[in-house]
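Input: a single structure, listed below in structure tokens.
The values are calculated or read from the model by the stated rules, or taken from the named source; none is laboratory data. Keep in mind that this is a model prediction, so the values were computed, not measured. As a convention, Cβ positions derive from the backbone with ideal geometry for all residues, glycine included, and neighbour counts pool all protein chains shown.
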């Protein structure tokens, strides 16, 4: 919540806080002070508010043109990942490993508020997100601009670490793009075909797959080895 309040891009429509929580707000923040029970009554059963509750507008997406240049840093693309808990966890990893932006489809992707923001633990306010109409076409444009696009897929023949290193072992520069598909369907065929290469995370046969947010964290960690982390 404090990250949302501090984010100038986030429009807070109403902020309600308990007396104790109000002490943590930046000086000059406008908020209504209420009793803890009042917040309990306003929220769904079982919700944990930690003394804060707000009505806020969803964050505006950044235009794709602002992130196309490969010198601007790595990108993470989510192909129809709809679970808000997973998207929130992925945003948290993206912020941790210095991703320039997370790219999502304008349909079949959750808005950046509610469960997404709670799962992101403030990271939704710190990493840019982009909404596009067509993921496959967007990947094609990224490649034309000089970005190298890797799609995570169980059928990928090359291991992720080797693909990131490249044939000469020197990596692909700061403009790497990682593409994650949904846990149920993976990458859609046209999205997969729009990648430079399909890669996999090596695993034992004890499990068939990883949760997509866990896979994203591993992929971003590996990619971060080949580029300077953003502050």
*Got a sec? Which helices (runs of 4 or more DSSP H) wholly within the stretch 1-73 have at least 3 residues that are modelled with pLDDT of 75 or more and over 19 Å from the mean Cα position of the chain (by Cα)?*
19-22, 36-42
*Answer yes or no: is there a residue in the stretch 100-115 that is at pLDDT below 90 and assigned to a helix (DSSP H, G or I).*
yes
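Name every residue in the stretch 110-120 that is surrounded by fewer than 22 Cβ atoms within 10 Å (Cβ to Cβ) and free of Cβ contacts under 8 Å to residues at least 40 places away in the same chain, in order of residue number. Can you show your working first?
We begin by selecting, within the stretch 110-120, every residue surrounded by fewer than 22 Cβ atoms within 10 Å (Cβ to Cβ); these are 110-111, 113-115, 118-119.
Answer for the stretch 110-120, where residues must be surrounded by fewer than 22 Cβ atoms within 10 Å (Cβ to Cβ) and free of Cβ contacts under 8 Å to residues at least 40 places away in the same chain: 110, 114, 115, 118, 119.
Of everything in the stretch 74-83, what is farther than 11 Å from residue 105 by Cβ and in contact with a strand residue (DSSP E or B) (Cβ under 8 Å, 6 or more places away or on another chain)? Give them in sequence order. Reasoning before the result, please.
At the first step, the residues of the stretch 74-83 found to be farther than 11 Å from residue 105 by Cβ are 74-76, 83.
Passing the criteria: 74, 75, 76.
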*Just for the stretch 151-181: of the residues that are out of contact with any helix residue (DSSP H, G or I) (no Cβ under 8 Å at 6 or more places or on another chain) and in a helix (DSSP H, G or I), which one is nearest to residue 71 (Cα to Cα)?*
165
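Looking at this structure, is residue 89 in a helix (DSSP H, G or I) and buried (at least 22 other Cβ atoms within 10 Å of the Cβ)?
On the way: in a helix (DSSP H, G or I): yes; buried (at least 22 other Cβ atoms within 10 Å of the Cβ): yes.
It is true that residue 89 is in a helix (DSSP H, G or I) and buried (at least 22 other Cβ atoms within 10 Å of the Cβ).
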*asked:* Given the condition surrounded by fewer than 19 Cβ atoms within 10 Å (Cβ to Cβ), free of Cβ contacts under 8 Å to residues at least 12 places away in the same chain, at positive phi and over 18 Å from the mean Cα position of the chain (by Cα), answer yes or no: does some residue in the stretch 182-196 qualify?
replied: no
*Within the stretch 162-181, can you find the residues that are surrounded by 12 or more Cβ atoms within 10 Å (Cβ to Cβ), more than 18 Å from the chain's Cα centre (by Cα) and either free of Cβ contacts under 8 Å to residues at least 60 places away in the same chain or within 16 Å of residue 200 (Cβ to Cβ) (or both)?*
162, 163, 164, 165, 166, 171, 172
*If you go through the stretch 182-201, how many residues are more than 15 Å from residue 140 (Cα to Cα) and either assigned to a helix (DSSP H, G or I) or at pLDDT below 95 (or both)?*
5
*Please verify whether the stretch 215-231 includes one or more residues that are more than 27 Å from residue 123 (Cα to Cα), in contact with a helix residue (DSSP H, G or I) (Cβ under 6 Å, 6 or more places away or on another chain) and either modelled with pLDDT under 95 or part of a helix (DSSP H, G or I) (or both).*
no
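Just to be sure before I move on: is residue 76 touching a helix residue (DSSP H, G or I) at 6+ places or on another chain (Cβ under 6 Å), crowded, with 16+ Cβ neighbours inside 10 Å and either closer than 15 Å to residue 142 by Cα or modelled with pLDDT of 95 or more (or both) in the structure I sent?
Numbers: touching a helix residue (DSSP H, G or I) at 6+ places or on another chain (Cβ under 6 Å): yes; crowded, with 16+ Cβ neighbours inside 10 Å: yes; either closer than 15 Å to residue 142 by Cα or modelled with pLDDT of 95 or more (or both): yes.
For residue 76, the condition - touching a helix residue (DSSP H, G or I) at 6+ places or on another chain (Cβ under 6 Å), crowded, with 16+ Cβ neighbours inside 10 Å and either closer than 15 Å to residue 142 by Cα or modelled with pLDDT of 95 or more (or both) - is met.
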*Quick one: how many residues across the stretch 129-147 are more than 28 Å from residue 58 (Cα to Cα) and buried (at least 20 other Cβ atoms within 10 Å of the Cβ)?*
1
